[in-house]
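Q: Please see the structure below; I have some questions.
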Amino acid sequence: MTIALKEIGPRSRAVAAVRRINVAVVVFLAFYLAIGLLQPAYLEPAGVMNFLRRAAPLAILASGQLFVLVSGGFDLSVGSLVTLTVIGGSMLTANDPSKTWWAIGALYGIGLVVGLINGAVVAYLRTPSIIATLGTLLSVNGAAMMWSGGSPRGYLPDNFRMFGRFVFHDVPVIKIFPVAIVVLAAVAGLAWWGLHATVFGRRVFAVGDNARAAQLAGVRVEFVRLCVFAISALSAVTAGVMLGGFGGVSVDVGRGLELQAIAACVVGGVQLMGGRGALVGAVAGALTLTALFTLLTLLGWPQPLKETAQGLILIAAVAFGAWRRRRGG
């Protein structure tokens with residue numbers, strides 16, 4: 001009997017360890033291997049760095065969206081905030097590099113106000129988050145179009161764009177090191193700490209799992225919801241600054257990013273009804289989507305088919321998550 005237990009014990013621990021591996025990590029590695037087979041340059045250190053640079057804005061958006069989803073809500077306004085950040089950056093700086101830093105500060109202030117409005121409407125007016133943030137999406141997009149006159153104007157100074165496109169060269173081993181990866185690491189580390197290592201993070205999980213029970217336990221549910229929408233909005237501004245560095249000023253830069261951020265979180269195992277999710281999964285989901293889009297581009301798929309593939313993956317991820325929850329009881 002003792003021998004049997006000794007044989008089964010390590011095997012059970014191995015199975016448990018395998019089950020703890022996030023599925024999105026495995027899928028990402030499979031996609032990236034396929035990319036490497038089609039384009040071997042992606043397997044070189046410089047190729048990996050460039051891939052991470054392109055994935056960084058979506059991973060940052062997903063990190064902020066994660067807080068809202070875990071609390072049981074949705075934030076559909078982040079894509080419009082990205083657009084407003086890029087357009088607002090060009091309007092506030094007016095092609096003057098000396099205005100970059102106060103302009104970025106002003107953009108973070110605007111993002112914070114938008115996030116607090118979303119949170120207040122959801123928390124205190126009891127409006128469903130998907131409706132409240134859909135209204136914000138339309139309003140912020142309209143404000144951005146009015147501000148710019150409906151078309152791109154001006155350009156972003158080089159010191160504004162450095163967060164997205166500046167690269168350190170001649171780095172040992174990896175050859176290049178983009179600043180965007182530093183920003184991603186900082187945001188992801190801060191998000192992991194806030195969600196998984198603080199009392200506030202535990203309260204976010206409690207609100208998403210059962211808001212009424214959390215309130216009876218002394219959690220200030222309204223304050224938690226206010227904070228998670230503010231966090232999501234600030235992450236959108238950060239992603240907007242980086243995307244402005246990548247491609248310059250565009251009125252379509254944020255289109256569809258809100259759905260991509262939600263899809264990244266869901267692919268990473270985040271439960272849409274709240275109460276379950278992990279920062280590692282959200283970032284892995286963003287990397288998976290970026291790898292998928294890269295792979296489809298290398299295969300020559302047009303944009304409509306890419307969007308179809310994204311939708312199918314989202315449906316499959318939600319169905320897989322529901323199946324795992326039913327199987328686990």
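The values are calculated or read from the model by the stated rules, or taken from the named source; none is laboratory data. Keep in mind it's a predicted model, so treat the numbers as computed, not measured. As a convention, Cβ positions derive from the backbone with ideal geometry for all residues, glycine included, and neighbour counts pool all protein chains shown.
Q: Select from segment 110-129 the residues that are among the hydrophobic types (A, V, I, L, M, F, W, C), more than 12 Å from VAL224 (Cα to Cα) and at pLDDT 95 or above and list them in ascending order.
A: Hits for segment 110-129 are ILE110, LEU112, VAL113, VAL114, ILE117, VAL121.
Q: What single numbered condition from (1) assigned to a helix (DSSP H, G or I); (2) touching a Phe, Trp or Tyr at 6+ places or on another chain (Cβ under 8 Å); (3) farther than 20 Å from ALA185 by Cβ; (4) not polar (S, T, N, Q) fails to hold for LEU259?
A: That leaves (2) as the condition not met.
Q: Among the residues that make up segment 77-91, is at least one of them in a helix (DSSP H, G or I), farther than 16 Å from GLY248 by Cβ and within 12 Å of the chain's Cα centre (by Cα)?
A: Yes, there is a match, as at least one residue in segment 77-91 is in a helix (DSSP H, G or I), farther than 16 Å from GLY248 by Cβ and within 12 Å of the chain's Cα centre (by Cα).
Q: Which residue out of LEU314, LEU234, LEU279, LEU295 is more than 18 Å from the chain's Cα centre (by Cα) and either closer than 12 Å to ALA24 by Cα or in contact (Cβ under 8 Å) with a residue 24 or more places away in the chain (or both)?
A: Just a single option satisfies the conditions, and that option is LEU295.
Q: Which residue out of ALA286, ALA317 is modelled with pLDDT under 90 and either under 17 Å from LEU69 (Cβ atoms) or outside any helix (DSSP H, G or I) (or both)?
A: ALA317
Q: Same structure, new question: Could you say which residue among VAL270, VAL249, VAL241 is modelled with pLDDT of 85 or more and in a loop (DSSP other than H, G, I, E, B)?
A: Step by step, each of VAL270, VAL249, VAL241 is checked, and only VAL270 is modelled with pLDDT of 85 or more and in a loop (DSSP other than H, G, I, E, B).
Q: Which condition number does ALA132 fail, the rest of (1) modelled with pLDDT of 90 or more; (2) surrounded by fewer than 17 Cβ atoms within 10 Å (Cβ to Cβ) being met?
A: In the conditions (1) modelled with pLDDT of 90 or more; (2) surrounded by fewer than 17 Cβ atoms within 10 Å (Cβ to Cβ), ALA132 misses (2) alone.
Q: Restricting the search to segment 92-104, which residues are under 26 Å from the mean Cα position of the chain (by Cα), more than 23 Å from GLY150 (Cβ to Cβ) and not β-branched (Val, Ile, Thr)?
A: TRP101, TRP102
Q: Wholly within segment 105-221, which helices (runs of 4 or more DSSP H) include no fewer than the required count, namely at least 2 residues that are over 23 Å from GLY277 (Cβ atoms), in contact (Cβ under 8 Å) with a residue 60 or more places away in the chain and over 21 Å from the mean Cα position of the chain (by Cα)?
A: Counting at least 2 such residues, we get 129-148, 158-165.
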